[in-house]
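Following: one structure in C-alpha cells, then a few remarks.
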Amino acid sequence: MAEAAIKMPVRNEGKAADRPAEWRPFESLRREVDRLFEDFQLGSWRLPFGGGLFDGQPLWRGEVGKAPAVDIVDTDKAYEITAELPGMDESNIDVKFSDGTLTIKGEKRDDKEEKKKGYYLSERRYGAFQRSFGVPDGVDADKIEANFKNGVLTVTLPKTSQAQKSEKKIAIKAA
C-alpha cells in the first residue's frame with residue numbers, strides 16, 4: 001500500500017532576506033580597517049583642520065554627492081586650502097566662514113541639446129558638493145581670501161601674529 005504524497009509548503013527561514021541585495025565580500029574588511037584607523041586617531045594624530053588623518057572623501061569624479069579632493073598646506077604665515085574644480089566657474093562656488101568652520105560649496109549643471117534630422121537629443125546633468133573644515137585657533141578671519149583660476153580654488157587663511165610666533169623649535173640631545 002502506497003501512501004499518497006502530500007506537498008508541504010516550503011518556508012524560507014529568511015535566508016534570502018538576510019543577505020544584502022549586492023554581495024560585497026570586502027565590506028567587513030573595510031569596516032575593520034576603518035575602525036583600526038579611528039582607534040589610532042583617538043590619540044594626538046589629528047590634522048589642524050579638525051579631522052583625522054584619513055577623514056573625508058578623497059576623490060570627486062564629478063558624481064553627485066561626491067566632494068572634491070583638497071590639499072591643505074600649513075605655511076609659516078597661513079594655511080592654504082586648494083581644491084580642483086574642473087569645468088566650474090567662480091559664480092557656481094560659495095566659500096563661507098562661520099563659527100570656526102570654513103565651508104566650500106559648489107554646484108555644476110550641464111545641459112546638452114542636439115537637434116538633427118531624424119533625432120533629438122537632450123541631456124541634463126547636475127552635481128553639488130559641500131566640504132567643511134574646522135579651522136584652528138589663530139586664523140585671522142577678517143583676512144581670509146579665496147581665488148579661482150583655471151579650475152583651481154585656493155583659499156588662504158592667514159595666521160595671526162600670535163599664532164605665527166607660537167611655534168618653538170625643540171633641540172634634540174644625544175643620550
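Going by the alpha-carbon gyration tensor, a ≥ b ≥ c the square roots of its eigenvalues, is region 66-175 rounded (a/c under 1.5) or, if a/c is not under 1.5, prolate (a/b greater than b/c) versus oblate?
It is prolate, given that a/c is not under 1.5 and a/b is the larger ratio.
How much length would be gained if the chain were fully extended between R24 and D89, taking 0.36 nm per residue of separation minus their Cα-Cα distance, in nm to one decimal? Kindly include the intermediate steps, with their values, before the conclusion.
Working: separation 65, 0.36 × 65 = 23.40 nm, distance 3.80 nm.
Once the chain is fully extended between R24 and D89, it gains 19.6 nm.
Rounded to the nearest 0.05, what FRET efficiency is calculated for V152 and S122 with R0 set to 30 Å and r the Cβ-Cβ distance? Display every interim value, and only then the final one.
On the way: r = 31 Å, r/R0 = 1.04.
So, using R0 = 30 Å, E works out to roughly 0.45.
Within straight cross-link reach of K149, meaning Cα distance under 17 Å, which lysines are found once same-chain residues fewer than 8 apart are removed?
K105, K108
At 0.36 nm per residue, and after removing the present C-alpha to C-alpha distance, how many nm does the segment from D140 to V33 gain when stretched out fully? List each step's numbers first, then the result.
Values: separation 107, 0.36 × 107 = 38.52 nm, distance 3.74 nm.
This chain segment gains 34.8 nm when fully extended.
Readers should treat all values here as calculations from the given coordinates under stated rules, not as data from a laboratory. Small disclaimer: the values here were computed from a predicted structure and weren't measured. As a convention, Cβ positions derive from the backbone with ideal geometry for all residues, glycine included, and neighbour counts pool all protein chains shown.
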